[in-house]
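So the structure is just underneath, and the comments pick up after that.
The values are calculated or read from the model by the stated rules, or taken from the named source; none is laboratory data. Please read these numbers as outputs of a predicted model, since none were measured by experiment. Cβ: placed from backbone, ideal geometry, glycine included. Neighbour counts: every protein chain shown.
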Amino acid sequence: MRFALLPAVLSSFFFETLLLPVLAQSQTEQFRPGQVRALPGQLDRSLMVNDNNPEVIKGPGILLSTFDGKSRGVPNAHLNVPLEGNFELFSHHIFAGSGPQANSTLWQGIVVGNRSNKAVTVKMPTGASWLSQPDAPFLPLPGQMEHDGLSVYAGPGSRVAGDLVAGNAPRPAWLPASISLGPNSSQILFSLPIPVKGLDPLLNGRNLEVRFETDGPISLASLALISDTPPSPEQFLELLEGGLSEKEHAPTPKGAPGAMIYSRVSGVQQGRRWKGLLSDPGSKVLQIGEQPVSWPIASLQKGTFGTGQVQSAPLVAFYPNTAWEAHGNYGVEYDLNLPLLNNSKQNQQLALSLESPLKSDRKEGGLRFKNPAGPAVFFRGTVELRGLDGNPGRRYQHLVLRSGDMGKPLGLITLAPGEQRNVRVRLIVPADITPVQVLTVTALAPAPAVKQSESVPVN
């Protein structure tokens, strides 16, 4: 079955400008008491090239380059950051056809260069990339759908993140397993199209994420060319001598009062994975009382829920007019373990949820939601779960959360008196979400009797 859908940018615009004022009349704000704790753990120190500004590409040029610009035609078009060992590329762009080449194709080329006098091997163990049309349209999915990890998605960011979380998608034909770069040489690694011909409106997007391993220092550049036919490697390499493609969304200066314009990132960040053990302070286990306990996911400036914790990956280099340390950690993996313990003399049943409360920077003794949730989608993507009742092995839920959405339980955890169980949650923050989400554990009452088959030991 084929679906004729507006791309996300326009559909979100119509929802928020036409439907939101109508629906807001019947919405009420709901406050839920509970604890909001800073998320334990931290980002790793590995680098991620974050290529998301401009989101809508208006013309050809350099989108992002970590090359040394001293000998280039436009020196300030390059960030001069060596990349070595394990690092990652995250890229998300939209092409809107206009002008004399309105029906043409934007080609995104990824170029790599050896920064040393010795040969360097560049390995790409995994990667994924999908278009909005036709690969991953923004289908109007239910709030929750359990699936096999690969088969349910809405939008290219949702599909790419889901592929990488599941880890068993076939290797894309465009992605070589490895290449060898000669001393001080550069070459095109791959190029991918963003076509708009035949679409109404002329609008398409592509999400891309690739993991790298190198045995020497390299540079990487993301480049844009508009052409009816695939550009040659020489055409992409020539772009390295030119200037930047125009940026967008100038951000609010750091520390400025008032409303916040978060912008998008074009730079190199430190941190691509967050690993955390969500235990009680000073303890190796987690006990849930009468009130829910929540932890922010991808908290950012003016959106910490009173924890004071900004999880946005710091940028080691970035262009002007790009986000600095107030972005949504797109492409970052969260790997969270909850070592739950029922220390009471009665059975305990817990619910695990991912939610999109109303963003706040205040400590309020709980979280605020909308009833019903707003029309704007704030999260769409896949979450991996382990340790839940029924099937304690690996499970996948695709979620669609809206503004102020008090998420439905992802699953239940039923514990006998004294029982311990480890629950694991993994997700990659998909493009096109609006932070902040929270992970919440809530005690349900009364708790049912525990079946023998539901008892799962701590991993």
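Just a few scattered comments:
- Any chance Ala323 is among the hydrophobic types (A, V, I, L, M, F, W, C), crowded, with 20+ Cβ neighbours inside 10 Å and closer than 15 Å to Thr434 by Cβ: yes
- Pick from the range 375-396, criterion touching an Asp or Glu at 6+ places or on another chain (Cβ under 8 Å) and small (Gly, Ala, Ser), ranking: nearest to Gly306 (Cα to Cα): Ala376
- Once the range 131-151 is narrowed to residues that are surrounded by 21 or more Cβ atoms within 10 Å (Cβ to Cβ) and among the hydrophobic types (A, V, I, L, M, F, W, C), the residue that is nearest to Arg211 (Cα to Cα) is Ala136.
- Selection of the range 358-373 for residues being on the phi > 0 side of the Ramachandran plot and either within 20 Å of the chain's Cα centre (by Cα) or not in a strand (DSSP E or B) (or both) yields only Gly365.
- Of the set (1) surrounded by 19 or more Cβ atoms within 10 Å (Cβ to Cβ); (2) closer than 25 Å to Tyr153 by Cβ, all apply to Leu367 but (2).
- Single unsatisfied condition, Arg32 versus (1) in a strand (DSSP E or B); (2) surrounded by fewer than 16 Cβ atoms within 10 Å (Cβ to Cβ): (2)
- Residue in the range 274-287 that is of a type outside the set (Lys, Arg) and under 25 Å from Leu220 (Cα atoms) present: yes
- Cross-chain or 6+ apart pairs with Cβ under 7 Å, the range 172-183 first and within 15 Å of Pro125 (Cα to Cα), then among the basic types (Lys, Arg): Ala177/Lys123; Ser178/Lys123
- Taken residue by residue, the range 275-287 has at least one member that is under 22 Å from Glu325 (Cα atoms) and in a strand (DSSP E or B).
- Subset of the range 417-440 (residues that are buried (at least 20 other Cβ atoms within 10 Å of the Cβ), farther than 20 Å from Ser360 by Cβ and out of contact with any Lys or Arg (no Cβ under 9 Å at 6 or more places or on another chain)): Glu419, Arg421, Leu427, Ile428, Ala431
- In the range 197-223, the residue that is surrounded by the fewest Cβ atoms within 10 Å (Cβ to Cβ) out of those that are in contact with a helix residue (DSSP H, G or I) (Cβ under 8 Å, 6 or more places away or on another chain) and closer than 15 Å to Gly59 by Cα is Leu203.
- Within the range 288-311, the set of residues being touching a residue at least 60 places away in the same chain (Cβ under 8 Å), in a loop (DSSP other than H, G, I, E, B) and hydrophobic (A, V, I, L, M, F, W, C) comprises Ile288, Ala298, Phe305.
- Looking across the range 237-280, the residues that are over 24 Å from Glu209 (Cα atoms) and in contact with a Pro (Cβ under 9 Å, 6 or more places away or on another chain) come down to Gly242, Ala250, Met260, Ile261, Leu277, Leu278, Ser279.
- Leu220 farther than 30 Å from Asp44 by Cβ and not in a loop (DSSP other than H, G, I, E, B): no
- Residue that is surrounded by the fewest Cβ atoms within 10 Å (Cβ to Cβ), among those in the range 297-320 that are of a type in the set (A, V, I, L, M) and touching a Pro at 6+ places or on another chain (Cβ under 8 Å): Leu300
Yes or no, residue by residue, for (1) surrounded by fewer than 19 Cβ atoms within 10 Å (Cβ to Cβ); (2) in the same structural domain as Val436 (by TED's automatic domain parsing):
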| site | (1), (2) |
| --- | --- |
| Ala256 | yes, no |
| Ser266 | no, no |
| Leu278 | no, yes |
| Ser283 | yes, yes |
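- Here Gly157 clears all of (1) exposed (fewer than 13 other Cβ atoms within 10 Å of the Cβ); (2) in contact (Cβ under 8 Å) with a residue 60 or more places away in the chain; (3) not acidic (Asp, Glu) except the condition numbered (1).
- Meets criteria (at pLDDT 95 or above, more than 25 Å from Ile413 (Cβ to Cβ) and assigned to a loop (DSSP other than H, G, I, E, B)) for Asn329: yes
- Residue in the range 237-250 that is without any contact (Cβ under 8 Å) to a residue 60 or more places away in the chain and over 21 Å from Ile94 (Cα atoms) present: yes
- Any hit, the range 86-97, residues being touching a residue at least 60 places away in the same chain (Cβ under 8 Å), closer than 27 Å to Gly216 by Cα and among the polar types (S, T, N, Q): yes
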